[in-house]
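The values are calculated or read from the model by the stated rules, or taken from the named source; none is laboratory data. Quick caveat, the model's predicted, so the values are computed rather than measured. Keep in mind that these areas ignore ligands, DNA and RNA; they rest on the heavy atoms of the full protein, side chains included. Shrake-Rupley method; radii C 1.70, N 1.55, O 1.52, S 1.80 Å.
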Amino acid sequence: QVQLVESGGGLVQAGGSLRLSCAASGRSFSNYAMGWFRQAPGKEREFVATINWSGSNTVYADSVKGRFTITRDNAKNITYLQMDSLKPEDTAVYYCAGKMSTYTYTQSASYDFWGQGTQVTVSS
């Protein structure tokens with residue numbers, strides 16, 4: 001069992017940056033693929049980024065490619081989402097998710113563990 005806790009959300013102006021963190025407790029974090037998803041009010045949860053167990057493979061949604069970067073520190077059991085050049089349409093609750101696997105996954109249904117979410121609000 002893995003527990004995930006997100007932090008780092010907040011209010012930022014358009015063009016600004018935020019770094020989200022997802023701290024994992026439990027064993028074998030380095031065996032987990034990790035992902036970030038987001039959900040805006042009235043919208044479906046959508047994929048943002050995913051990273052494989054070693055950090056050697058990452059996949060991004062087209063809407064964030066070139067602006068967001070997902071990384072992980074297996075020694076600290078933390079996954080990060082660096083968000084630069086933020087836009088008002090990035091406003092959402094951001095969730096991290098984990099799945100015991102060596103691959104990457106873009107579908108929310110593939111993940112076994114979820115955090116509680118952190119709010120990101122980008123003002124224009």
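Starting from the amide H of residue 16, placed 1.01 Å from N in the peptide plane, find each other amide H under 5 Å away whose residue is 5 or more places distant or on another chain.
For residue 16, the qualifying residues are 86.
For residue 113, which sequence-distant residues (separation of 5 or more, or a different chain) have an amide H within less than 5 Å of its own amide H, given hydrogens modelled in the peptide plane?
Counting only residues 5 or more places away or on other chains, the set is 98.
Which whole-angstrom value gives the distance between the alpha carbon centres of the range 21-87 and the range 105-121?
9
With θ set to phi - 60° and the Karplus curve 6.51 cos²θ - 1.76 cosθ + 1.60, what are the ³J(HN,Hα) couplings of the range 93-107 in order, to the nearest whole Hz, using x for Gly and Pro?
Using θ = phi - 60°, the values come out as 8, 9, 10, 9, 9, x, 8, 6, 5, 8, 9, 10, 9, 9, 9 Hz.
If you take all C-alpha pairs in the range 1-121, what percent of them are over 23 Å apart?
Beyond 23 Å sits 21 percent of the P(r) for the range 1-121.
Using a 1.4 Å probe on the protein heavy atoms, what percent of the accessible area of the range 12-59 belongs to carbon and sulfur?
Values: 1020 of 2380 Å².
So the carbon and sulfur contribution to the accessible surface is 43 percent.
Divide, for the range 54-124, the radius of gyration over alpha carbons by 2.2 N^0.38 Å, where N is the residue count.
It is 1.17.
Provide the per-residue ³J(HN,Hα) series for the range 68-77, in order, calculated from phi with Karplus coefficients 6.51, -1.76, 1.60 and θ = phi - 60°, each as a whole number of Hz, with x at glycine and proline positions.
Computed from phi, the couplings for the range 68-77 are 10, 9, 9, 9, 8, 10, 5, 5, 9, 6 Hz.
Quick one: 3J(HN,Hα) in Hz for the range 12-17, Karplus 6.51/-1.76/1.60 with θ = phi - 60°, rounded, Gly and Pro as x.
Using θ = phi - 60°, the values come out as 9, 7, 4, x, x, 10 Hz.
Heads up, I need the accessible area for residue 59: 1.4 angstrom probe, whole protein in place, Å², nearest 10.
50
Sorting 2, 93 by accessible area (1.4 Å probe), largest first, what list results?
Greatest to least solvent exposure: 93, 2.
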